[in-house]
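Have a look at the structure below, then the notes.
Here, each number is a calculation from the coordinates, and none is a lab measurement. Computed from a predicted structure; not experimentally measured.
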Amino acid sequence: MSASAGDFSYRTRGKGTYEITSEVEEIVRDSGIRTGTVTVFVRHTSASLVIMENADPSARRDLEAFFDHLVPEDTPYFVHTYEGPDDMPSHIRMALTRSSEVIPVVNGRMALGTWQGIFLFEHRRAPHERRIVVAVTGE
């Protein structure tokens, strides 16, 4: 059993989904691991990761609109608003999604489906620098 790790920063432009598949693929390729798993982890509480369709951007726009509706920024009973009205909603949106994803590695490549991509889901309105950690284990 072998292991390899890497990390990278991603600068968002504010709320939305940002595909990071190619950055993760590069770390998997450089690891030399042919069979195993890759774990991708975002080191923040106001951003998350999702595996989502990467062919039609309207699917991601619908996901973003759904979360805006599900956890609106104008909720009057939120107390944790120190950093603005999107502060608490961003934490709830993160808790409803995931901070990590695990993907099989087969023949040295991630075994994602044809239309699947890995996306950083930024929940804050302002641009942020996000840290992503990637660990590859296997043989």
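Assorted remarks:
- For the options 21, 35, 81, a Gaussian network treatment of the chain with springs between C-alpha atoms closer than 10 Å singles out 81 as fluctuating the most.
- Built amide H within the under 5 Å cut-off of residue 130, gap 5+: 10, 11, 12
- For segment 52-64, 3J(HN,Hα) computed residue by residue from phi via the Karplus equation (6.51, -1.76, 1.60; θ = phi - 60°) reads 8, 4, 10, 8, 10, x, 5, 5, 6, 4, 5, 4, 4 Hz, glycine and proline entered as x.
- GNM on the chain, alpha-carbon springs under 10 angstrom: the most fluctuating residue among 86, 30, 56 is 56.
- Whole-Å distance, taken between Cα centres, linking segment 69-103 and segment 1-59: 21 Å
- With the helix formula -39500 (n - 2.57) applied to DSSP H stretches of n ≥ 4, the chain reaches a computed 222 nm mean residue ellipticity of -8000 deg cm²/dmol.
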